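Laboratory data are not the source of any read-out in this text; all were calculated from the coordinates shown. Worth saying up front: this structure is predicted, and the values here are computed from it rather than measured. Here Cβ is always computed from backbone atoms with ideal geometry, including for glycine, and neighbour counts include all displayed protein chains.
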Amino acid sequence: MSAVLTLAAWGLAGASLAGMGYQTVAVRHLRRFLGGPRPRPSARPAVSLLKPLCGNEPHLAGNLRSFRDQDYPAVQIVYGVADADDPALSAIARDGDASSDDRETIVVDPTGHGCNLKVGNLLNMLPRAHGEVLVIADSDVRVEPRYLDDVVAPLADPSVGLVTCLYVGRPNDGLWSRIGAMGINHGFLPSALVARAVGRHDGCFGATMALRRETLDSVGGLAPLQDILADDWALGAAVRRGGLRITLAARPVDIIVHEPDFGSLFAHEIRWGRTIAAVDRTSYMASVITQPVALAALAVLLGAMAWPFAGVLLAACAVRLWAIRAEERALVLPRAGLPAVALRELLSFVVFIVACCGRTVIWRGRRFTIRRDGTLESKEGIPT
């Protein structure tokens, strides 16, 4: 048995070394991406911005204001809620009264469409959108004035069917919001760039999805997504099946990370992990390579604390900390303390393990099971 454990420890140590190499590649691609050009669109077609809302989350009024303040000539903003008493409406009012002309439209419609409430909201909003280009952006997103130029410019290429945005986590007050933002900034964001560098061009992210109206019509619209949790991934897959490409906007957007407690953060990240694992389990399992510290720590435990494995662990800690500091500088982020870095590393590995071992998720107080095709099965819909 000891020989088997030692062999496993060497395997984990080797995986950790590979993970250290991954960290250096991720930093290089992040720097290259952020330093790239920001092309201006050759044309500026009319845009409809679709903002599905549910609840008055922190900083919502400021997020919405950033979309109103676009340096773009023809923009219609469509806000959508399912309930006339939704407090998100007060955030719109605080930011300035939405006009009744073609520039801003509020849709209040309780009509249900499947399990995915966001997609149901969008289906109710879509008939009121008039633009040639449709831009769907989540409520927690905050953008720069050049945002629409960034997402419209790639659509001048007829081979591009959808433009999406990477995102940087900007935490609300509190420890768990900071830990959640670190998971985005030092986990998701560099991993998405490495994935594209190795040929994975299927990433599509709900922070922004921009496409021509004719493209959306050609792939069957939004109705096929109404029971899919990963609606962004499914829309991107539909566009790719239609023979068109997904590309990234030249700059990431910000998302406001609000996690009031550990339970909220854990449920949120388990939902993310299980959603990815449901639609692409092989890639999700392979993503363990992005966690060299955890792999090296396991090697130390299985290898009976032998010095070669302890050396690998020390090297993994040093490389991972170097990568985090480099990413903080590139993204102009505040420097995280070492206890927060350690907590984030531990939580990332726990989330990975738990997400691999189940399909149940909690979403807006309702319990669902994610089927193997990514669709949702409601489990009683009871509050939790």
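Candidate values [x] 5, 22, 32, 25, 11, 4, 1, 0; [y] 5, 25, 32, 21, 11, 5, 0; [z] 5, 16, 16, 10, 6, 4, 6, 9, 11, 9, 5, 2, 0, 0 were compared with P(r) over Cα pairs in 10 Å bins from 0, in percent computed on the shown model; the agreeing label is [x]. The value of relative contact order for segment 39-268, using C-alpha pairs under 8 Å at least six residues apart, is 26 percent.
Could you work out [θ]222 nm for the chain from helices alone, using -39500 (n - 2.57) per DSSP H run of at least four and dividing by all its residues? Round to the nearest 500 deg cm²/dmol. Kindly include the intermediate steps, with their values, before the conclusion.
Working: 14 runs with 178 residues, N = 384.
When only DSSP H runs of four or more count, the value is -14500 deg cm²/dmol.
Backbone phi angles across segment 291-297, fed through the Karplus curve with coefficients 6.51, -1.76 and 1.60 (θ = phi - 60°), yield HN-Hα couplings of 10, x, 5, 5, 4, 5, 5 Hz in residue order; Gly and Pro are listed as x.
Highest mean first, the peptides 278-288, 127-137, 159-169 sorted by other C-beta atoms within 10 Å per residue fall in the order 159-169, 127-137, 278-288.
The separation of segment 200-223 from segment 230-251, counted between C-alpha centres, amounts to 5 Å. Taking the 0 to 90 degree range and rounding to the nearest ten, how far is the long axis of helix 2-34 tilted relative to the main principal axis of the chain, both from C-alpha atoms? The helix 2-34 is inclined about 40 degrees to the chain. Between 0 and 90 degrees, rounded to the nearest ten: what's the tilt of helix 307-331 against the longest Cα principal axis of the chain? On a 0 to 90 degree scale, this one is about 20. The order of the peptides 2-14, 226-238, 342-354 by mean Cβ neighbours within 10 Å, most packed first, is 226-238, 342-354, 2-14. In the chain, the longest principal axis of the Cα atoms and the axis of helix 231-241 are about 80 degrees apart. Taking amide hydrogens as placed 1.01 Å from N in the peptide plane, the amide H of N116 sits under 5 Å from those of D227, I228, each at least 5 positions away in sequence or on another chain.
Note: relative contact order over the chain, using C-alpha pairs below 8 Å and six or more positions apart, is 22 percent.
Fully extending the segment from L175 to R38, taken as 0.36 nm per residue of separation minus the present Cα-Cα distance, adds 45.9 nm.
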